[in-house]
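Chemist: Before I ask anything, here is the structure I am working with.
The values are calculated or read from the model by the stated rules, or taken from the named source; none is laboratory data. If you're wondering where the values come from, they're calculated on a predicted model, not measured in any experiment. Cβ sites come from the backbone with ideal geometry, for glycine too, and all protein chains shown count toward neighbours.
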Amino acid sequence: MVKAGIIGSTGYAGSELVRLLMGHKDVEIVWYGSRSYIDKKYAEVYRNMFEIVDAVCMDDNMEELADQVDVIFTATPQGLCASLVNEEILSKVKIIDLSADFRLKDVKVYEEWYKLEHKAPQYLDEAVYGLCEVNREDVKKARIVANPGCYTTCSILTTRPLVAEGLIDPNTLIIDAKSGTSGAGRGAKLPNLFCEVNENMKAYGVATHRHTPEIEEQLSYACHQPVTINFTPHLVPMNRGILVTAYASLKPGTTAEEVRAVYKKYYDHEKFVRVLDEGECPETKWVEGSNYVDVNFKIDPRTNRIIMMGALDNLVKGAAGQAVQNMNLLFGFDEDEGLRQVPMFP
């Protein structure tokens, strides 16, 4: 039985980790970390855990935690994991970080986009970007896994096969993405109040969103050349879900059959990426509560551009589910253990 600790267990991603790990036959959660609710019963914070979780919330003492568990999940704001991790801790446990601290390899890029001094740049080269469908074998050997962001997971899985195979010009790529409000976290913020969000839809972080360099970096690896994109996120009044609609110039003469063959090549053997039938558009409601990503495409012959579409649950495949998938790889479990939930509807 693998023992797990969660730092940040009372945020939305942290609570989703708890929910998923409670259904994992090979894992026991022994540390429910939460700086905001120390000594408070976890089930008082999340009443859905009444008579399911009896533990009380603890602090974020990673050094003490490392002596008690095999894996630490950090579902925390940017900067915290990097400020806590050290060689002694890494000699004892695996770390799966759900923040952006170890996703970008260039410390200058991280500090420019996140406006933070990186506290552990010595681990950037070692950390493995935990997009399982791309880096599965590297994840298995990692000490630090950088769990990808929700927008980036959906954007990369939707577009990467065509970037890697040279069927689109990646520098013409425009990614338009929508997210439910849980993507902004559980903290009280004026823009996330009901009256601010309800009956409204808005773009934010236009040309400045911090997931942009993460998408660019990973797509650059796919095609072995620098990639520059336009990425625009939007907030929509729903709890969960991300929908990506991406546009790019298609290689002249490329047929829909060739594009579909590329998607099948990359995803036919992937448990959690579903390539939809022709004419079907991904919808957030058909992946909610699950670790699935639905993708599809449409070619516009009039403009010779392709529209690539993807949908996922930002709290599952976009955060906690992907973290559990990475943990399964680290410890040699079936990759879908604890993640077999059927999408819920309605």
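Chemist: Identify all residues within the stretch 176-224 that are within 21 Å of Val244 (Cβ to Cβ) and among the aliphatic types (A, V, I, L, M); write none if there are none.
Modeler: Result: Ala177, Ala184, Val197, Met201, Ala203, Val206, Ala207, Ile215, Leu219, Ala222.
Chemist: Working only within the stretch 287-322, note down all residues that are in contact with a Ser or Thr (Cβ under 7 Å, 6 or more places away or on another chain) and either among the charged types (D, E, K, R) or at pLDDT below 95 (or both).
Modeler: Scanning the stretch 287-322 gives Arg305, Asp313, Lys317.
Chemist: Over 17 Å from Glu165 (Cβ atoms), touching a residue at least 12 places away in the same chain (Cβ under 8 Å) and not in a loop (DSSP other than H, G, I, E, B): which single residue out of Met344, Met327, Met308 fits that description?
Modeler: Matching residue, one of Met344, Met327, Met308: Met327.
Chemist: Determine which member of the set Leu243, Leu219 is out of contact with any Gly (no Cβ under 7 Å at 6 or more places or on another chain), in contact (Cβ under 8 Å) with a residue 12 or more places away in the chain and closer than 22 Å to Gly321 by Cβ.
Modeler: Leu243
Chemist: Does the stretch 89-96 contain at least one residue that is at negative phi and without any contact (Cβ under 8 Å) to a residue 24 or more places away in the chain?
Modeler: Taking every residue of the stretch 89-96 in turn, at least one turns out to be at negative phi and without any contact (Cβ under 8 Å) to a residue 24 or more places away in the chain.
Chemist: Just give me the residues in the stretch 132-148 being crowded, with 24+ Cβ neighbours inside 10 Å and part of a loop (DSSP other than H, G, I, E, B), in sequence order.
Modeler: Of everything in the stretch 132-148, those that are crowded, with 24+ Cβ neighbours inside 10 Å and part of a loop (DSSP other than H, G, I, E, B) turn out to be Asn147, Pro148.
Chemist: So, one more: So is Asp294 among the acidic types (Asp, Glu) and closer than 17 Å to Gly321 by Cβ or not?
Modeler: The answer is yes for Asp294.
Chemist: Further question: How many residues does the stretch 157-180 hold that are crowded, with 22+ Cβ neighbours inside 10 Å and assigned to a helix (DSSP H, G or I)?
Modeler: 8
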